[in-house]
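Visitor: Below: one structure in structure tokens.
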Amino acid sequence: MLCDGIELDQSGAVVTVTIRLPEVTHTQMQELIAECEERVRCHHGNYFVFDLAEVTFLASSCLGSMVSFLQDLEHVRGRIALANCQDNVAFVFKVTRLDTVFPIFEDVKEATASF
């Protein structure tokens, strides 16, 4: 069960993950990733857009969970895109060079179109 402030909406193979929390903890990210994995296994979700418009802080351990999930998605040719990143969150992805792994888009529509 996802905590309040995190929503998943699926349309076909595309799952939009909207996080309406200022900070995301490692535990919250683990719960979210478990739900995303369920979407892959049971609902054929292969493409995930993480809408981070309201996130101002992402724990570094969350990045590891996201990378691990992306590796699992490779088995089904899935992908992850990020949308609406605030500057400080985008900076974390850039400084860790994960912006080359997780493409960052201006909005959800643009991220969805990338699939």
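The values are calculated or read from the model by the stated rules, or taken from the named source; none is laboratory data. Worth saying up front: this structure is predicted, and the values here are computed from it rather than measured. Ideal geometry is used to build each Cβ from the backbone, glycine not excepted, and the neighbour counts take in all protein chains shown.
Visitor: Would you mind telling me which numbered condition in (1) under 21 Å from Glu35 (Cα atoms); (2) at pLDDT 95 or above; (3) loosely packed, with under 15 Cβ neighbours inside 10 Å Val55 fails?
Guide: So Val55 meets the others, but not (3).
Visitor: Okay, next question. Please find, within segment 70-105, the residue that is nearest to the chain's Cα centre (by Cα) out of those that are in a loop (DSSP other than H, G, I, E, B) and farther than 19 Å from Asp9 by Cα.
Guide: Phe102
Visitor: Oh, and also: Please verify whether segment 37-59 includes one or more residues that are farther than 18 Å from Ala113 by Cα, small (Gly, Ala, Ser) and outside any loop (DSSP other than H, G, I, E, B).
Guide: no
Visitor: While we're here: Taking the stated definitions as given, is Leu8 of a type outside the set (Gly, Ala, Ser), over 15 Å from Thr112 (Cβ atoms), at pLDDT 95 or above and surrounded by 14 or more Cβ atoms within 10 Å (Cβ to Cβ)?
Guide: Spelling it out, it is not the case that Leu8 is of a type outside the set (Gly, Ala, Ser), over 15 Å from Thr112 (Cβ atoms), at pLDDT 95 or above and surrounded by 14 or more Cβ atoms within 10 Å (Cβ to Cβ).
Visitor: I would also like to ask the following. Name every residue in segment 35-55 that is touching a residue at least 40 places away in the same chain (Cβ under 8 Å) and among the acidic types (Asp, Glu), in order of residue number.
Guide: Hit for segment 35-55 is Asp51, nothing else.
Visitor: Tally the residues that are closer than 19 Å to Glu38 by Cα, in contact with a helix residue (DSSP H, G or I) (Cβ under 8 Å, 6 or more places away or on another chain) and polar (S, T, N, Q), restricting the search to segment 58-97.
Guide: Residues meeting the conditions: 2.
Visitor: Same structure again: Which of the numbered conditions does Cys62 fail, given that it passes all the others? Conditions: (1) more than 18 Å from Glu23 (Cα to Cα); (2) in a helix (DSSP H, G or I).
Guide: (1)
Visitor: Among the numbered conditions (1) at negative phi; (2) at pLDDT 95 or above, tell me where Arg97 comes up short.
Guide: Going through (1) at negative phi; (2) at pLDDT 95 or above one by one, Arg97 breaks only (1).
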